[in-house]
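Below: one structure, written as structure tokens.
The values are calculated or read from the model by the stated rules, or taken from the named source; none is laboratory data. None of these values were measured; they are calculated from a predicted model. As a convention, Cβ positions derive from the backbone with ideal geometry for all residues, glycine included, and neighbour counts pool all protein chains shown.
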Amino acid sequence: MKAREIAVYILIDIFEQKSYNNLILKKAFSTNDLSDKDRAFVTELVNGTLRNIIYIDYIIDKFSNTKTKKMKTFILNLLRVSVYQLMFMDKVPSSAVCNEAVKLAKKKKFINLSGFINGVLRNIARNKEEILDYNLDLSIKYSYPSWVIERWIKQFGYNITEDICIANNKPPRVCICVNTNKTTKQDLKIILEKEGMQVEEGNLAKNSLYISKTKNIADSKAFRDGLFHIMDESSMIAVESLSAKENDIVLDICSAPGGKSFYASYIMKNTGKIYSRDIYPHKIELMENTRKRLGADNIELELKDGLKFYKEDNQIADRLIVDAPCSGFGIVRKKPDIKYNKTEEDIKELVSIQREILKNSYQYLKIGGIMIYSTCTLFEEENLQNVRWFCENFGFELCNIDLDIDIQTKDKGYINILPNMFNTDGFFIAKLKRTR
């Protein structure tokens with residue numbers, strides 16, 4: 001199959017299976033022999049279309065007598081990837097987009113609909129400038145369910161909400177965390193540049209670098225040698241906030257894919273002990289492979305459930321990381337399907353799970369010990385409301401986050417890193433001390 005055809009089928013699979021875009025993309029690439037250029041094109045088509053799908057469907061409905069809800073699945077998704085190219089990919093000629101869509105429809109035996117497809121797409125192409133001038137609700141313009149926009153406007157105000165939407169609709173940059181147990185940031189920068197990558201300094205975290213002009217990162221010798229792991233800066237800030245010291249005992253309750261544990265290992269210079277837990281054996285196996293690659297010898301992986309309390313581990317930890325399962329609306333840049341797969345009811349269920357994890361896990365921390373509670377979402381009930389409830393009921397207090405980051409609430413013990421602030425993932429971080 002050619003790139004456009006693969007992209008159409010990936011979109012169909014994502015919505016029919018309600019699966020993550022990265023998993024479906026990985027599966028498609030493993031079963032189709034594509035060049036690096038075509039892989040990049042498919043990834044852009046799929047993720048770009050997902051980021052803008054409500055807007056794209058709105059445009060299709062404006063220019064088609066047959067509405068999107070009544071279209072055949074293949075035709076709808078063929079139109080979606082085509083409209084994305086017309087509206088967002090200026091380097092692709094409109095004529096090529098229309099012609100390729102018609103060819104693909106005919107290939108799939110939709111010959112009787114080829115004229116319809118051609119007419120809709122050419123009409124959209126002719127009216128592109130008019131479409132761009134539409135004064136639309138944020139929900140349509142940036143492709144978010146209306147309930148998300150309403151919540152954010154209430155929480156952040158209209159202007160910040162729009163800034164969040166704009167930032168979340170941008171493709172993410174690749175951020176890496178330098179393994180300072182094996183190299184330095186400057187040395188790694190030189191190594192990666194010699195491998196042909198473009199490398200830039202991070203904005204927030206001490207160990208961060210951004211890389212571009214990469215192909216398959218796993219093919220990089222520096223990656224195979226364990227000189228870095230992939231991790232967003234905002235997630236690194238959560239680990240830096242922990243203030244872990246050499247020879248500490250750290251417990252990472254919900255650790256997969258392990259990035260925070262690995263960074264803690266670097267900060268602790270491979271001393272002490274880090275217990276990294278998850279409930280899925282395949283995730284433990286993946287983390288073990290990464291642990292070996294990075295040489296993080298002070299990490300011990302455990303198959304344990306954050307929703308259960310293990311008496312034998314009572315008060316064993318000096319530091320505790322609770323990176324709770326959440327709705328994920330801070331990482332929409334990477335997983336745009338989150339926008340359509342989560343509901344308000346999911347938020348309520350997640351809050352219940354987050355509080356249950358907090359109720360069980362805090363008992364592992366020594367009195368006087370430090371805990372980080374973090375999520376990669378932006379909803380207040382998953383974040384600050386949980387923290388306040390927790391402090392009121394379980395003998396914890398917020399304490400100063402002593403980092404050079406321009407967010408005023410760090411003095412109060414918590415920070416909201418919004419996606420529009422530093423061009424990173426959205427993240428909530430609270431630093432708490434056990435008082436009894």
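Data overview
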quantity: Failed item in (1) assigned to a helix (DSSP H, G or I); (2) over 19 Å from the mean Cα position of the chain (by Cα), with ILE14 passing the rest; calculated: (2)
quantity: Strands (runs of 3 or more DSSP E) wholly inside the stretch 247-333 containing at least 3 residues that are without any contact (Cβ under 8 Å) to a residue 40 or more places away in the chain; calculated: 273-278, 299-303
quantity: Subset of the stretch 342-362 (residues that are in a helix (DSSP H, G or I) and either under 14 Å from the mean Cα position of the chain (by Cα) or hydroxyl-bearing (Ser, Thr, Tyr) (or both)); calculated: SER352, SER361, TYR362
quantity: Selection within the stretch 218-241 - surrounded by fewer than 16 Cβ atoms within 10 Å (Cβ to Cβ) and under 22 Å from the mean Cα position of the chain (by Cα); calculated: ALA218, ILE230
quantity: Members of the stretch 147-169 found to be out of contact with any Lys or Arg (no Cβ under 6 Å at 6 or more places or on another chain) and assigned to a loop (DSSP other than H, G, I, E, B), listed by number; calculated: GLY157
quantity: Condition check for ASP248: within 26 Å of GLY368 (Cα to Cα), acidic (Asp, Glu) and touching a strand residue (DSSP E or B) at 6+ places or on another chain (Cβ under 7 Å); calculated: yes
quantity: Count of the stretch 363-376 residues which are crowded, with 24+ Cβ neighbours inside 10 Å and of a type outside the set (A, V, I, L, M, F, W, C); calculated: 3
quantity: Scan of the stretch 407-431 for residues that are part of a strand (DSSP E or B) and either not hydrophobic (A, V, I, L, M, F, W, C) or not assigned by TED's automatic domain parsing to the domain that holds PRO325 (or both), ordered by number; calculated: TYR414, ASN416, LYS431
quantity: Failed item, numbered, when ASP90 is tested on (1) within 18 Å of ASN127 (Cβ to Cβ); (2) part of a helix (DSSP H, G or I); calculated: (2)
quantity: Any hit, the stretch 178-187, residues being part of a strand (DSSP E or B) and either in contact (Cβ under 8 Å) with a residue 40 or more places away in the chain or under 27 Å from VAL83 (Cα atoms) (or both); calculated: yes
quantity: Condition check for ALA256: in the same structural domain as SER276 (by TED's automatic domain parsing), under 30 Å from ASN360 (Cβ atoms) and aliphatic (A, V, I, L, M); calculated: yes
quantity: Matching residues, the stretch 337-370, being farther than 27 Å from ARG151 by Cβ and hydrophobic (A, V, I, L, M, F, W, C); calculated: LEU365, ILE367, ILE370
quantity: Selected residue (only one of ILE153, ILE149, ILE124, ILE140 is more than 21 Å from the chain's Cα centre (by Cα), aliphatic (A, V, I, L, M), crowded, with 19+ Cβ neighbours inside 10 Å and modelled with pLDDT of 95 or more); calculated: ILE124
quantity: Residue within the stretch 99-113 that is assigned to a helix (DSSP H, G or I), touching a residue at least 12 places away in the same chain (Cβ under 8 Å), closer than 26 Å to ILE24 by Cα and among the small types (Gly, Ala, Ser) present; calculated: yes
quantity: Matching residues in the stretch 259-294 - criterion: being farther than 23 Å from TYR362 by Cα and acidic (Asp, Glu); calculated: GLU285, GLU288
quantity: Hits in the stretch 213-232 - residues which are farther than 18 Å from SER265 by Cβ, charged (D, E, K, R) and in contact (Cβ under 8 Å) with a residue 40 or more places away in the chain; calculated: LYS215, ARG224
